[in-house]
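Enquirer: The structure is given below, and queries will be raised subsequently.
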Amino acid sequence: MNKELIIRSGSSTDFALLRDGKLIELHKEEDDSNFSVGDIFIAKIRKAVPGLNAAFVNVGYEKDAFLHYHDLGPQVSSLVKFIKRVSTGKLKDYSLKDFTFEKDIDKHGSIVDVLKSNQSLLVQIVKEPISTKGPRISSELSIAGRYIVLVPFSSRVSVSQKIESSEEKERLKRLVKSIKPKGFGIIIRTVAEGKKVAELDKDLQNLLGRWEAMCKKLYKANHPSKVLGEMNRASSILRDVFNDTFTSICVDDETLYTQIKDYVHNIAPNKESITKLHKSNVPIFEKYGIERQIKTSFGRTVSMSKGAYLVIEHTEAMHVIDVNSGNRSNKAKNQEDTALEVNLISAAEVARQLRLRDMGGIIVVDFIDMNNAENRKTLFNFLREEMKDDRAKHKILPPSKFGLIQITRQRVRPEMNIKTREEDPSGTTGEVEAPIVLIDKIKVDLERLIKKEHQKVVLSTHPFIAAFLTKGFPSTRSKWFLDYKRWVKIVPRDAYTYLEYHFHDKNGEMIK
């Protein structure tokens, strides 16, 4: 499995993560993004609401941020005391080794007993502003590094559940406890597996340095203001997903290339050589086929292999995904086996779509009904395995009696939404599907006809589409010939609408 990170700079910076050439994640970093997950603000409590057991906090966004009692953290009283002493200049040692901690708050307590209006508090963005809602915040702070996460005002050491070996968990706990400073807790990340104490300590010292730099900003700081920003999206993506399976990091901006090369040198010196600067006149996303994948992956309908396709609908309450087998022929297998085959193809695509669009909340997938309980179990296990690498917290329920699989997936950023429709060149219908999306639909139908063993296939289509398929070298039609060993005659028809196309057999009869 090869992983590539392709980075395109411009008015915004776009990050495409490819696995074996297929787009699995797409991120966008806007220059004016002031409320990113992980940012820490010094803010003022606007109002505590006992009925919600939560407070509204002014972090500088047009809508107040939401802070629930359960997101305060048990040591919020110690945090409030620390902020008060640091911001007034009475405390200049930020290490917490001599700091006297307050008693933990009652986990079933009330917000009004802990926070008061106009009180200063350090808060961290855990969910970016989405739609009409302000940011979701927490006062249980954490600073993420490459191998560990530093948690101030805690003493707990915990290990990622994704590390399966109990011996390795114990080894890492033992190492971290030997270097852990007093007053700080540590979460050991999955990528720390197999690492030595020197690498963990280097990461820890870097995080302590960031904590100290943040504390220095608190003295006479404006309220609200950002006191610790999450690192730029390129570095945070590399920090969270970079591993030995990466074979290439390609960037089209020289300054960004230098920054990333330095960062890779720090976290994995033996991988520094995989960072490359894109110098071709061909745009970087075109060179790696990403633009095409974006156009064909973000529409309401998503085509897959063997004629199957997904229909993705978004409502205010949830996402609904419908699995369709399409007009496919498979005489060698019975209906149950066919349903399982289509469902497994669809499960892999559903897992990809959730990451690609960063879909969150409740997702309901309507798979094709299967009567065999063993097949339903196979589908459920396959979907869990496909979603194993998804960094967002998620939970998958087994298939219901109706063939529905329900998924909840953590939503911390607005969903990625890419427009796949373009202005109709005929000027009659407003907007139509982009040509590339239409070409993919034609290809899916062509595959189906060839499987039905039609020897001669004629395609009639709008002149614009006919030209798109036949011009250039190699043309799309030439590629079809190499793939299917079948030459497709293409006939332009002026009477057809832009999206209309039909296949005919050797007798001129329309193939349905």
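The values are calculated or read from the model by the stated rules, or taken from the named source; none is laboratory data. On a predicted model such as this, the values are computed, not experimentally measured, just so you know. Because the Cβ atoms are built from the backbone with ideal geometry, glycine has one as well, and the counts that use them run over all protein chains shown. Side chains are part of the model used for accessible areas, which takes the heavy atoms of the whole protein and leaves out ligands, DNA and RNA. Shrake-Rupley method; radii C 1.70, N 1.55, O 1.52, S 1.80 Å.
Enquirer: Does I405 satisfy the condition of being modelled with pLDDT of 85 or more, under 19 Å from the mean Cα position of the chain (by Cα), farther than 30 Å from K479 by Cα and open to solvent by less than 60 Å² (accessible area, probe 1.4 Å)?
Expert: no
Enquirer: Out of the residues in segment 1-30 that are without any contact (Cβ under 8 Å) to a residue 60 or more places away in the chain and not small (G, A, S), which is farthest from A221 (Cα to Cα)?
Expert: D20
Enquirer: On to the next question. Quick one: is K489 out of contact with any Phe, Trp or Tyr (no Cβ under 8 Å at 6 or more places or on another chain) and either at pLDDT below 80 or surrounded by fewer than 18 Cβ atoms within 10 Å (Cβ to Cβ) (or both)?
Expert: Yes.
Enquirer: Taking the options I418, I436, name whichever one is modelled with pLDDT under 70, closer than 23 Å to I345 by Cβ and in a loop (DSSP other than H, G, I, E, B).
Expert: I418
Enquirer: Okay, next question. Tell me the residue from K287, K271 that is in contact (Cβ under 8 Å) with a residue 24 or more places away in the chain and basic (K, R), please.
Expert: Within the list K287, K271, the selection yields K271.
Enquirer: For residues that are touching a residue at least 12 places away in the same chain (Cβ under 8 Å) and either touching a Cys at 6+ places or on another chain (Cβ under 6 Å) or not basic (K, R) (or both), scanning just segment 472-494, find the one that is farthest from I450 (Cα to Cα). Working first, answer last.
Expert: Taking segment 472-494 and keeping what is touching a residue at least 12 places away in the same chain (Cβ under 8 Å), we get 476-477, 480, 484, 486, 488-494.
Then keep just the ones that are either touching a Cys at 6+ places or on another chain (Cβ under 6 Å) or not basic (K, R) (or both); that gives 476, 480, 484, 488, 490-492, 494.
Numbers: T476: 17, W480: 11, Y484: 8, V488: 11, I490: 16, V491: 18, P492: 21, D494: 26 Å.
Within segment 472-494, the match that is farthest from I450 (Cα to Cα) is D494.
Enquirer: Quick check on my filter: what residues within segment 111-125 are in contact with a helix residue (DSSP H, G or I) (Cβ under 7 Å, 6 or more places away or on another chain) and closer than 15 Å to H70 by Cα?
Expert: Matches in segment 111-125: I111, V114.
Enquirer: In this structure, is K395 at pLDDT 70 or above, assigned to a strand (DSSP E or B) and open to solvent by 80 Å² or more (accessible area, probe 1.4 Å)?
Expert: Details: at pLDDT 70 or above: yes; assigned to a strand (DSSP E or B): yes; open to solvent by 80 Å² or more (accessible area, probe 1.4 Å): yes.
Yes: the conditions hold for K395.
Enquirer: State all residues of segment 158-195 that are in contact (Cβ under 8 Å) with a residue 40 or more places away in the chain and surrounded by fewer than 16 Cβ atoms within 10 Å (Cβ to Cβ); if no residue qualifies, say none. So that I can check it myself, show each step before the final result.
Expert: Step one: list which residues in segment 158-195 are in contact (Cβ under 8 Å) with a residue 40 or more places away in the chain, which gives 181-184, 187-189, 191-192, 195.
Result: P181, K182.
Enquirer: Name the residue that is surrounded by the most Cβ atoms within 10 Å (Cβ to Cβ), counting only residues in segment 287-310 that are of a type in the set (K, R) and outside any loop (DSSP other than H, G, I, E, B). Write out each step before concluding.
Expert: The first filter runs over segment 287-310 and keeps only residues of a type in the set (K, R), leaving 287, 292, 295, 300, 306.
Then keep just the ones that are outside any loop (DSSP other than H, G, I, E, B); that gives 287, 292, 295, 306.
Numbers: K287: 15, R292: 17, K295: 21, K306: 17.
Filtering segment 287-310 for residues that are of a type in the set (K, R) and outside any loop (DSSP other than H, G, I, E, B), the one surrounded by the most Cβ atoms within 10 Å (Cβ to Cβ) comes out as K295.
Enquirer: Name the one entry in E386, E286, E349 that is under 30 Å from Y263 (Cα atoms) and within 18 Å of the chain's Cα centre (by Cα). Lay out the reasoning, then the answer.
Expert: On the way: E286 fails: within 18 Å of the chain's Cα centre (by Cα); E349 fails: under 30 Å from Y263 (Cα atoms).
Sole residue among the options that is under 30 Å from Y263 (Cα atoms) and within 18 Å of the chain's Cα centre (by Cα): E386.
Enquirer: Where in segment 208-286 are there strands (runs of 3 or more DSSP E), lying wholly inside it, with at least 3 residues that are open to solvent by less than 60 Å² (accessible area, probe 1.4 Å) and more than 28 Å from A65 (Cα to Cα)?
Expert: Result: 246-251.
Enquirer: L175 fails exactly one of the following numbered conditions: (1) modelled with pLDDT of 90 or more; (2) under 25 Å from the mean Cα position of the chain (by Cα); (3) of a type outside the set (D, E). What is the number of that condition?
Expert: For L175, the exception is condition (2).
Enquirer: Answer yes if at least one residue in segment 31-48 is among the charged types (D, E, K, R), within 19 Å of L141 (Cα to Cα) and free of Cβ contacts under 8 Å to residues at least 24 places away in the same chain, and no otherwise.
Expert: Taking every residue of segment 31-48 in turn, none turns out to be among the charged types (D, E, K, R), within 19 Å of L141 (Cα to Cα) and free of Cβ contacts under 8 Å to residues at least 24 places away in the same chain.
Enquirer: OK, next. Can you say whether F382 is over 29 Å from I450 (Cα atoms) and modelled with pLDDT of 90 or more, as far as the supplied structure shows?
Expert: Numbers: over 29 Å from I450 (Cα atoms): yes; modelled with pLDDT of 90 or more: yes.
When the stated conditions are applied, F382 passes them.
Enquirer: Turning to a different aspect of this structure: Could you look through segment 1-53, keep only residues that are within 30 Å of L79 (Cα to Cα), touching a strand residue (DSSP E or B) at 6+ places or on another chain (Cβ under 8 Å) and open to solvent by 70 Å² or more (accessible area, probe 1.4 Å), and pick out the one that is modelled with the lowest pLDDT?
Expert: Ranking the qualifying residues of segment 1-53, first place goes to N34.
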